[in-house]
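Inspection log for the structure reproduced underneath, given as structure tokens.
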Amino acid sequence: QVQLVESGGGLVQPGGSLRLSCAASGSIFAIYNIGWYRQAPGKERELVARMPSGGGTNYADSIKGRFTISRDNAKNTVYLQMNDLKPEDTAVYYCNARIFTVTGTTDYWGQGTQVTVSS
């Protein structure tokens, strides 16, 4: 069984910072294309930041220069450092990863963590 567990969400004032974590557990051979998405009320789920298996990073234009995605392979964990948060960043944030196991390769989603930016 593979599971993605997110943490780090919460309430923060505009201009503040949060660091989201997503740890993968289970019988994992490899993790590919790991990233973060978010969904605000009434809106479609959208890409925030992603690390493709081919290398490099992809960021949404709205967060470039403010958010940074990183990973710790030893801990099977991906992070999203969020700085200079704005009210429009308020959303449920989900981590997503393509994971190779004994049964093949499957996309997994975390349960989501709420980020609320408000004064």
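The values are calculated or read from the model by the stated rules, or taken from the named source; none is laboratory data. Just so you know, these numbers come straight off a predicted model, no measurement behind them. Cβ sites come from the backbone with ideal geometry, for glycine too, and all protein chains shown count toward neighbours. Surface areas here come from the heavy atoms of the whole protein model, side chains and all, with no ligands, DNA or RNA. Shrake-Rupley method; radii C 1.70, N 1.55, O 1.52, S 1.80 Å.
What the table shows:
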read-out	value
Scope region 86-104; condition surrounded by 12 or more Cβ atoms within 10 Å (Cβ to Cβ), among the β-branched types (Val, Ile, Thr) and more than 28 Å from Pro41 (Cβ to Cβ); matching residues	Ile99, Thr101
Residue match in region 61-68 (condition: open to solvent by less than 40 Å² (accessible area, probe 1.4 Å) and within 26 Å of Phe100 (Cα to Cα))	no
Search result, residues across region 36-55 that are exposed (fewer than 13 other Cβ atoms within 10 Å of the Cβ) and of a type in the set (Lys, Arg)	Lys43
Filter result for the condition that a residue is surrounded by 12 or more Cβ atoms within 10 Å (Cβ to Cβ), closer than 29 Å to Gly104 by Cβ and either at pLDDT 95 or above or touching a Cys at 6+ places or on another chain (Cβ under 9 Å) (or both), over Asn58, Asn76, Asn33, Asn83	Asn58
Qualifying residue in region 59-70 (condition: within 30 Å of Gln1 (Cα to Cα) and among the β-branched types (Val, Ile, Thr))	yes
Selected residue [closer than 19 Å to Glu6 by Cα, at pLDDT below 95 and not acidic (Asp, Glu)] from Gly42, Gly26, Gly110	Gly26
